[in-house]
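Some notes on the structure that comes next.
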Amino acid sequence: MKKRIARLLLLFFALHMAAAGIAQADPQTYLDDIKTELKKKWPANRTINLVFHGHSVPSGYFQTPAVHTLEAYPHQVLQQLKEQYPDAVINVITTSIGGENSVQGQKRFKKEVLPHRPDVLFIDYALNDRAIGPEASRIAMEKMIRRALKKKIKIILLTPSPDLTVDILKPGNILDQFRRQLIQLAAKYKIGLADSYDAFYEQARSGKQLRDYMAQSNHPNGKGHRLIAERIMKWF
């Protein structure tokens, strides 16, 4: 009963924000200043730092303990950005740790993330935050968001990638609940959101087998990481 009420409240809040015209940042304009910097050539250019903070997925874990760094979505994004901005100097920095949740990530955020001076910060914790629950996740995420915004850092939240033990086509499933909460946070703070969950949902809805996009139950393979990278690239 409590879970049903929680789902209804999340849905009501989302509908209320939509009716009020409240939405996340505009993908066409949110990173305009970053895109301008990426277009500059030497000697007018500077290094652009993209920092990926989260758990095992951005870390590049495929079938544990194998780590496929260059096939993971942070480096797929780098590859696509270099094709789009060949004169840009871009650092991809991963501060993610396998098995970590947002409460743990928030505790080391000030010392281990902010010193990298991100131009764009990507936060991906929802898959693991099932272990701590939506409320603890929201509190930790908001702490990181507020700290980054004080530094005028552009932020893009990532909704969860799949776990094959969860039926992604079932409305209101646990991953969908975290997705909705992240959509709300992106709207509240007018920041970006890359909807990884929706990318995989669309594949499943079209009849494709999600296992073809996964290295193991909760880790995407290179093909799955490509879906995530494509959602991120919409912001560039």
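The values are calculated or read from the model by the stated rules, or taken from the named source; none is laboratory data. This one's a predicted model, so the numbers in the text were calculated from it and none came from an experiment. Cβ atoms come from the backbone with ideal geometry, glycine included; neighbour counts cover every protein chain shown. Accessible surface is based on the protein model in full, side chains and every heavy atom, while ligands, DNA and RNA are left aside. Shrake-Rupley method; radii C 1.70, N 1.55, O 1.52, S 1.80 Å.
Can you name the residue in the range 65-121 that is within 20 Å of PHE178 (Cβ to Cβ) and small (Gly, Ala, Ser) and is also most open to solvent (accessible area, probe 1.4 Å) among such residues? Selected residue: GLY99. Checked against the criterion of being closer than 20 Å to GLY54 by Cβ and outside any helix (DSSP H, G or I), the candidates ALA215, ALA186, ALA199, ALA229 yield just one match: ALA215. Screening the range 185-202 for residues that are hydroxyl-bearing (Ser, Thr, Tyr) and within 9 Å of THR159 (Cβ to Cβ) and picking the one that is nearest to the chain's Cα centre (by Cα) gives SER196. Yes or no: LEU182 among the hydrophobic types (A, V, I, L, M, F, W, C), surrounded by fewer than 20 Cβ atoms within 10 Å (Cβ to Cβ) and either under 24 Å from VAL77 (Cα atoms) or more than 13 Å from the chain's Cα centre (by Cα) (or both)? So LEU182 fails the test.
For every residue, the table says whether it meets (1) β-branched (Val, Ile, Thr); (2) closer than 27 Å to ARG117 by Cα; (3) in contact (Cβ under 8 Å) with a residue 40 or more places away in the chain.
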site: PRO134; (1), (2), (3): no, no, yes
site: MET141; (1), (2), (3): no, yes, yes
site: MET144; (1), (2), (3): no, yes, yes
site: ILE156; (1), (2), (3): yes, yes, yes
site: SER161; (1), (2), (3): no, yes, yes
site: LEU169; (1), (2), (3): no, no, no
site: ASN173; (1), (2), (3): no, no, no
site: GLN184; (1), (2), (3): no, yes, yes
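Listed by position, the helices (runs of 4 or more DSSP H) contained in the range 27-102 that have at least 3 residues being under 18 Å from the mean Cα position of the chain (by Cα) are 56-59, 73-84. Inspection of the range 152-160 finds a residue satisfying the criterion of being charged (D, E, K, R) and assigned to a loop (DSSP other than H, G, I, E, B).
Applying the set (1) open to solvent by 40 Å² or more (accessible area, probe 1.4 Å); (2) more than 26 Å from LEU31 (Cα to Cα); (3) free of Cβ contacts under 8 Å to residues at least 40 places away in the same chain to SER217 leaves exactly one unmet item: (3).
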